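To keep things clear, I will list the structure first and then write my remarks on it.
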Amino acid sequence: MYHSLAAAVRDAEARGLSLARLALETESEDQARPVGEIRDLLGRALHVMKGAVAQGLTGDLKSSSGLVGGDAAKLVHGPAGPLAGTPFRDILARALAVQEVNAAMGVIVAAPTAGGAGVLPAVITGLAEAKGLSDDHLIDALATAGLIGAVIAERASLSGAEGGCQAETGAAAGMAAGAGTEMIGGSPTQAMHAVALAQQGTLGLVCDPLGGLVELPCVFRNATGAAIALAAIEMAMAGITFAIPADEVIDTMGEIGREMDVRYRETAGGGLAATPTGRRLAKERLVQLKKR
Amino acid sequence: MVSLLDIIGPVMVGPSSSHTAGACRLGLLARGLVGGTPDRAKLELHGSFARTGEGHGTDRALVAGLMGFRPDDDRIRTALEIAEREGLDYRFEKTTLDEEAHPNTVRITLERGERHAVMTGSSLGAGRVLVTAIDGFPVEVSGNYHTIVLVAEDIPGSIAKIATLLADDGLNIANMRLTRQRRGGDAFMVIELDDYPDEGVRDHIRALPWVRWAFRLDKVSA
């Protein structure tokens with residue numbers, strides 16, 4: 001797979017291909033697997049993603065510790081805010097839904113990780129619903145997202161323990177922004193700007209889960225990650241460009257991750273996990289977990 | 001090389017790709033080293049695996065892998081109860097392996113009948129794993145391929161013989177690595193294959209008089 005988004009965009013545009021098509025053909029060559037087989041596997045992932053969205057929206061889930069659950073349904077049935085009735089609110093609900101399923105040890109697709117698994121399905125299935133796009137479009141979007149994620153894995157990191165939350169929900173926001181932009185008609189160049197616009201908004205984001213559990217703030221960070229992806233898509237589709245190339249923004253994310261203190265890398269030693277309330281809740285819940 | 005399907009995947013039981021899915025994959029690879037579900041298992045957790053493992057179901061996922069359950073198998077949730085019912089005697093310990101070890105590392109010691117094995121492996125994030133030591137030999141096994149691991153006497157022509165044997169069975173080698181602790185000592189061979197080697201292939205390798213043991217580790221990635 002590619003090590004640089006600039007190289008991928010250059011090849012796609014030179015050959016008149018979408019990033020999705022380029023990603024599928026490159027994967028097919030790398031793995032000596034037919035494109036059809038790769039599409040089938042992505043189709044299976046899509047099926048699981050849709051299942052997790054549906055399961056989470058019903059709202060009767062509780063996480064292992066009881067810290068999170070039931071909030072996705074509030075965005076479906078709860079009182080209206082300024083975004084009521086828009087795809088934006090629907091996408092926030094979907095992001096919470098998938099992450100609530102994850103916290104309850106349900107079946108999800110790590111994309112790129114389980115902790116950031118809500119962002120991508122929320123953004124692409126929500127946009128597909130709003131725009132009436134088919135599963136084929138969604139499978140293409142997963143291929144584009146995979147290419148972007150592969151570049152992030154090569155240049156920076158996809159692990160909260162290595163790079164903080166910017167490497168999990170931040171990476172997911174970049175993937176969703178690029179994939180979503182292309183899915184609704186943006187060019188490869190616009191998709192690349194969307195990646196940069198999303199990723200710049202998550203630089204420095206720490207990984208600070210209470211008790212080390214993928215629950216709080218992870219569930220909500222998937223919703224805000226989806227919001228950042230949507231903001232990036234909106235700007236990129238309007239023709240806004242980001243002056244620092246996406247590859248360099250990704251490199252910056254890697255650099256910040258390497259410099260980040262270990263307290264902010266999934267160890268529950270700093271950030272929200274280390275607040276007085278964070279410590280108290282974690283202690284109570286971990287005791288409860290042991291009793292089960 | 002990173003694959004699209006590493007990024008969009010795995011399909012897995014939550015909540016953590018490194019602490020749940022990766023742990024399950026490490027269990028699956030360790031299981032391969034004793035050729036099936038072990039009778040007894042000691043799992044030593046290092047770093048973040050030790051600190052936050054319980055809340056992520058790392059313990060359940062490792063034991064699930066030892067029993068052959070894959071990362072998307074619902075039974076991960078109740079794997080400890082299933083293990084107790086089926087007589088898999090497991091024990092967890094918290095430990096500190098060396099300073100350089102990846103934060104998500106486990107050392108697994110297994111017994112199955114007469115067979116013993118010790119494997120050290122790490123979960124690298126996004127469900128990717130790396131086995132770094134088997135029975136004291138430093139190795140690199142990613143689980144991205146069907147893999148044969150074997151220990152043989154260090155004699156001339158051993159690599160050629162095994163390569164020929166695999167070619168005769170129509171198997172293509174993706175990677176092959178040899179490590180030995182000293183000249184003339186035992187050699188540890190890791191052979192990653194593009195195709196699935198059936199039991200017959202392993203039997204052919206085991207039948208070679210200078211091969212001490214050989215096991216097949218099934219591919220754990222998508």
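The values are calculated or read from the model by the stated rules, or taken from the named source; none is laboratory data. Remember, it's a predicted structure, so these values are computed and weren't measured experimentally. Cβ atoms come from the backbone with ideal geometry, glycine included; neighbour counts cover every protein chain shown. Surface areas here come from the heavy atoms of the whole protein model, side chains and all, with no ligands, DNA or RNA. Shrake-Rupley method; radii C 1.70, N 1.55, O 1.52, S 1.80 Å.
Observations, loosely collected:
- Filtered residues of segment B:175-205 (kept if open to solvent by less than 40 Å² (accessible area, probe 1.4 Å) and either under 18 Å from B:G32 (Cβ atoms) or of a type outside the set (G, A, S) (or both)): B:F188, B:M189, B:V190, B:I191, B:E192, B:L193, B:P197, B:G200, B:V201, B:R202, B:I205
Conditions (1) on the phi > 0 side of the Ramachandran plot; (2) free of Cβ contacts under 8 Å to residues at least 24 places away in the same chain; (3) more than 10 Å from chain A (Cβ to nearest Cβ), marked per residue:
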site: B:S18; (1), (2), (3): no, no, no
site: B:A23; (1), (2), (3): no, no, yes
site: B:G27; (1), (2), (3): no, no, yes
site: B:G32; (1), (2), (3): no, no, yes
site: B:D39; (1), (2), (3): no, no, yes
site: B:L43; (1), (2), (3): no, no, yes
site: B:H46; (1), (2), (3): no, no, yes
site: B:E54; (1), (2), (3): no, yes, no
site: B:G57; (1), (2), (3): yes, no, no
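- For B:L150, the test of being assigned to a strand (DSSP E or B), of a type in the set (A, V, I, L, M, F, W, C), crowded, with 18+ Cβ neighbours inside 10 Å and not assigned by TED's automatic domain parsing to the domain that holds B:H56 is passed.
- The sole residue among A:T86, A:T26 that is hydroxyl-bearing (S, T, Y) and within 22 Å of A:H193 (Cα to Cα) is A:T26.
- Scope segment A:1-45; condition touching a residue at least 24 places away in the same chain (Cβ under 8 Å), open to solvent by 70 Å² or more (accessible area, probe 1.4 Å) and within 13 Å of another protein chain (Cβ to nearest Cβ); matching residues: A:H3, A:R21
- Any hit, segment B:197-210, residues being assigned to a strand (DSSP E or B) and modelled with pLDDT of 90 or more: no
- Meets criteria (under 20 Å from the mean Cα position of the chain (by Cα) and either within 14 Å of chain A (Cβ to nearest Cβ) or surrounded by fewer than 23 Cβ atoms within 10 Å (Cβ to Cβ) (or both)) for B:E86: no
- Across segment A:68-92, the number of residues qualifying as in contact with an Asp or Glu (Cβ under 9 Å, 6 or more places away or on another chain), not β-branched (V, I, T) and not in a loop (DSSP other than H, G, I, E, B) comes to 6.
- Among residues of segment A:245-288, those that are under 22 Å from A:M175 (Cα atoms) and open to solvent by 80 Å² or more (accessible area, probe 1.4 Å), counted: 3
- Search result, residues across segment A:161-187 that are surrounded by fewer than 24 Cβ atoms within 10 Å (Cβ to Cβ) and on the phi < 0 side of the Ramachandran plot: A:E162, A:I184, A:G186, A:S187
- On the stretch given as segment A:15-34, residues that are touching a helix residue (DSSP H, G or I) at 6+ places or on another chain (Cβ under 9 Å) and over 22 Å from A:S187 (Cβ atoms) total 5.
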